[in-house]
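Everything on this sheet refers to the single structure shown next.
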Amino acid sequence: MSAQLSRDAIIQRLLDPGVIAVVRARAARQVPALAEALVAGGVIAVEVTMTTPDALEAIRATAAALGPRGLVGVGTVLDAATATAAIGAGAEFVVSPICRTELIGVAHRAGKPVMIGAYTPTEAQLAHEAGADFVKLFPADGLGAGYVKALRAPLPHLRLVPTGGVDLNTIPALIQAGCVAVGAGSSLVSASILAAEDWPQLTRLAAQFVEAIRTARAAKS
């Protein structure tokens, strides 16, 4: 599906609706089903972390199952070899929790966007100057909207995507502070949902996250 999408087109899909589900599943077999549940709720971007068992197979199976209805990416990428393997398995975007700038060239040569991790202003600017499409603010739970606002005052060009501490309560302030999207992990794909494989509940929760982004953006504008 998305092999035919340009990098810019993938970026636009990540921004609309602007919720990236960060998936650390208990087993690879869960990922296609939970991805279907997320897409049914309007969350089309599914980041399968490399900490998921058999992550590459999960990416391959999920990309095949979703087709053009969703966007499967890879997260927790720490080196170029992993990024290359994941893209080969069907990942349409690459996410790292750390400021590993060599991943940018790997992703871009394959026509895929990349999100590089940062915690400090220096790291965030370094990721931007190296060509990252987004800066993953991580872990964001100790920073919050006030930090985002302060960071963007001198660095308004940064496209920030906070991950960690993102939930239905924190989304409004983060979006209004200038974040372009959010990464939602356990607050969306929770341990209890995974344990029970309660995919209808995941669909309901996904719809709430999408609505929270929509409402926050409308309030900001």
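The values are calculated or read from the model by the stated rules, or taken from the named source; none is laboratory data. Source: prediction; values computed, not measured. Because the Cβ atoms are built from the backbone with ideal geometry, glycine has one as well, and the counts that use them run over all protein chains shown.
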task: Would you please list the contacts, defined by Cβ atoms under 6 Å and residues six or more apart or on different chains, that run from a residue in segment 147-176 that is touching a residue at least 60 places away in the same chain (Cβ under 8 Å) to a residue that is among the hydroxyl-bearing types (Ser, Thr, Tyr)?
output: none
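Yes/no matrix, rows are residues, columns are (1) farther than 24 Å from residue 126 by Cα; (2) small (Gly, Ala, Ser); (3) at pLDDT 95 or above; (4) under 16 Å from the mean Cα position of the chain (by Cα):
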{"position": "1", "(1), (2), (3), (4)": "yes, no, no, no"}
{"position": "13", "(1), (2), (3), (4)": "yes, no, yes, yes"}
{"position": "28", "(1), (2), (3), (4)": "yes, yes, yes, no"}
{"position": "39", "(1), (2), (3), (4)": "yes, no, yes, yes"}
{"position": "46", "(1), (2), (3), (4)": "yes, no, yes, yes"}
{"position": "61", "(1), (2), (3), (4)": "yes, yes, yes, no"}
{"position": "67", "(1), (2), (3), (4)": "yes, yes, yes, no"}
query: Across segment 131-170, what is the number of residues that are under 24 Å from residue 72 (Cα atoms) and not acidic (Asp, Glu)?
result: 19
task: Being assigned to a helix (DSSP H, G or I), modelled with pLDDT of 95 or more and touching a Phe, Trp or Tyr at 6+ places or on another chain (Cβ under 9 Å) narrows it down to one of 213, 193, 175, so name that one.
output: 193
message: Could you check segment 1-42 and list, in sequence order, the residues that are under 14 Å from residue 209 (Cα atoms), among the aliphatic types (A, V, I, L, M) and surrounded by fewer than 20 Cβ atoms within 10 Å (Cβ to Cβ)?
response: 15, 40
- prompt: Hey, residue 210 hits all of (1) of a type in the set (A, V, I, L, M); (2) surrounded by 20 or more Cβ atoms within 10 Å (Cβ to Cβ); (3) within 14 Å of residue 41 (Cα to Cα) but one; which does it fall short on?
  reply: (2)
message: Being farther than 22 Å from residue 38 by Cβ, of a type in the set (A, V, I, L, M), in a loop (DSSP other than H, G, I, E, B) and more than 16 Å from the chain's Cα centre (by Cα): is that true of residue 151 here?
response: no
- prompt: Restricting attention to segment 127-143, does a residue exist that is within 20 Å of residue 187 (Cβ to Cβ), out of contact with any strand residue (DSSP E or B) (no Cβ under 7 Å at 6 or more places or on another chain) and assigned to a helix (DSSP H, G or I)?
  reply: yes
task: Would you point out the residue of segment 187-207, among those that are out of contact with any helix residue (DSSP H, G or I) (no Cβ under 7 Å at 6 or more places or on another chain) and without any contact (Cβ under 8 Å) to a residue 40 or more places away in the chain, that is surrounded by the most Cβ atoms within 10 Å (Cβ to Cβ)?
output: 187
- request: Scan segment 86-100 for residues that are out of contact with any Gly (no Cβ under 7 Å at 6 or more places or on another chain), of a type outside the set (Gly, Ala, Ser) and closer than 21 Å to residue 15 by Cα and jot them down.
  value: 87
